[in-house]
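The block underneath contains the structure these notes are about, expressed in structure tokens.
The values are calculated or read from the model by the stated rules, or taken from the named source; none is laboratory data. Remember, it's a predicted structure, so these values are computed and weren't measured experimentally. Here the Cβ positions follow ideal geometry from the backbone for every residue, glycine too, while neighbour counts run over all protein chains shown.
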Ligand code: SF4
């Protein structure tokens, strides 16, 4: 089960293995020695989790009582499309007997993945068309996306980048990323770089730090975001060694991906607390998934739980029309309806924006219910979450400063 990638990870992290499992307390040396005796790696070690990740239909069937549909879907995934990969940690969150378990639906393939419906796209965000240098995508003037690896701890069945994740390339070498760094240095308007993949935290700490240090040499880059699902699927990855190695490169933001309250485990809480305590703002992007989290009560529980951990619910994302994922996608109206239920009932710091990333890479737009009932010069009638209609009156002459083309 050990792959070349995990062997590489092991080699790269050999010197810091003890620190990977060490509690994050003063007095522990960054390399984990000499004050701490080495213990054999076990489930609390992230490299152990990667080495023991389940990658086959038979592996899933050993832990879960698979339905015929799941078994056929898993066999198909082994041969075509998005491969299987589930860490033992995430697998044990699955209900063994219930195929509608919200965790199981996210990581166990279904035969539905072979279905292609109208509107499905292999690359729904047009990332290949917006590639400005190898592995670098720019869809907005001030930010860019650096795809540094194709590996993840778990391959999510709704993945927007299913066209490329797990395709065998592994981590991209610094040499191969060099044209991307050159482009960024030549384009100072790019101030925010999102390091993604795959999952950048599936790389060894050493390699990750080298990529970030290289980005930090480019003075115009102000913020770096790490797009990672490891706090959810591999929380053991958020080690003391990792946060200490990354901290000198702040401001670093962590963008993660909790989708269901079942993912709010003590291990995940520890990972998020460690990140926040070390100065990493943690933002969460929940994907709205049919049959998994597409109801207001489930999302309210999730968002309130995240806020208790100091993780900001940032986006609720309408699923991208990725080929082979229509069985997990909701109608757009469902998300709008959910936002209407949450608005006014959920504290503002727990309420994300509902976002549609328009197909073809045309950019993200916020969506939601309309609260404007009517408008006449100087007076807008709005409806509150209580259903009450109220007139908002502009100050005299203020309308003159608004271009006539701006409609409410
Ligand atoms: S962790 Fe992110 S990139 Fe990897 S499979 Fe899941 S959604 Fe896709």
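Values as computed for the structure displayed
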| item | result |
| --- | --- |
| Any hit, the stretch 251-261, residues being modelled with pLDDT of 95 or more and over 27 Å from residue 107 (Cα atoms) | yes |
| Residue match in the stretch 173-196 (condition: at pLDDT below 95, in contact with a strand residue (DSSP E or B) (Cβ under 6 Å, 6 or more places away or on another chain) and within 21 Å of residue 357 (Cβ to Cβ)) | no |
| Criterion: outside the structural domain of residue 237 (by TED's automatic domain parsing) and without any contact (Cβ under 8 Å) to a residue 60 or more places away in the chain - qualifying residue of 172, 108 | 108 |
| Some residue of the stretch 203-211 being modelled with pLDDT of 95 or more, out of contact with any helix residue (DSSP H, G or I) (no Cβ under 8 Å at 6 or more places or on another chain) and crowded, with 16+ Cβ neighbours inside 10 Å | no |
| Test: residue in the stretch 85-101 that is in the same structural domain as residue 57 (by TED's automatic domain parsing), within 19 Å of the chain's Cα centre (by Cα), at pLDDT 95 or above and surrounded by fewer than 19 Cβ atoms within 10 Å (Cβ to Cβ) | no |
| Residue check for residue 230: in contact with a helix residue (DSSP H, G or I) (Cβ under 6 Å, 6 or more places away or on another chain), more than 16 Å from the ligand (Cβ to nearest atom), in the same structural domain as residue 175 (by TED's automatic domain parsing) and within 16 Å of residue 267 (Cα to Cα) | no |
| Test: residue in the stretch 209-223 that is in contact (Cβ under 8 Å) with a residue 40 or more places away in the chain, over 22 Å from the mean Cα position of the chain (by Cα), more than 13 Å from the ligand (Cβ to nearest atom) and over 23 Å from residue 52 (Cα atoms) | yes |
| Helices (runs of 4 or more DSSP H) contained entirely in the stretch 255-350, each with at least 3 residues that are surrounded by 17 or more Cβ atoms within 10 Å (Cβ to Cβ) and more than 19 Å from the chain's Cα centre (by Cα) | 332-342 |
| Residue list for the stretch 360-388, restricted to those being assigned to a strand (DSSP E or B) and within 15 Å of residue 408 (Cβ to Cβ) | 372, 373, 374, 375, 376, 379, 380, 381, 382, 383 |
| Test: residue in the stretch 183-192 that is surrounded by fewer than 20 Cβ atoms within 10 Å (Cβ to Cβ) and closer than 22 Å to residue 285 by Cα | yes |
| Residue tally, condition more than 28 Å from residue 345 (Cβ to Cβ), free of Cβ contacts under 8 Å to residues at least 40 places away in the same chain and touching a strand residue (DSSP E or B) at 6+ places or on another chain (Cβ under 8 Å), over the stretch 361-378 | 1 |
| Residue count for the stretch 217-250, restricted to those that are part of a loop (DSSP other than H, G, I, E, B) and under 14 Å from residue 205 (Cα atoms) | 3 |
| Residue check for residue 316: closer than 24 Å to residue 101 by Cα and free of Cβ contacts under 8 Å to residues at least 40 places away in the same chain | yes |
| Filter result for the condition that a residue is in contact with a helix residue (DSSP H, G or I) (Cβ under 7 Å, 6 or more places away or on another chain), outside the structural domain of residue 298 (by TED's automatic domain parsing) and surrounded by fewer than 17 Cβ atoms within 10 Å (Cβ to Cβ), over 120, 69 | 69 |
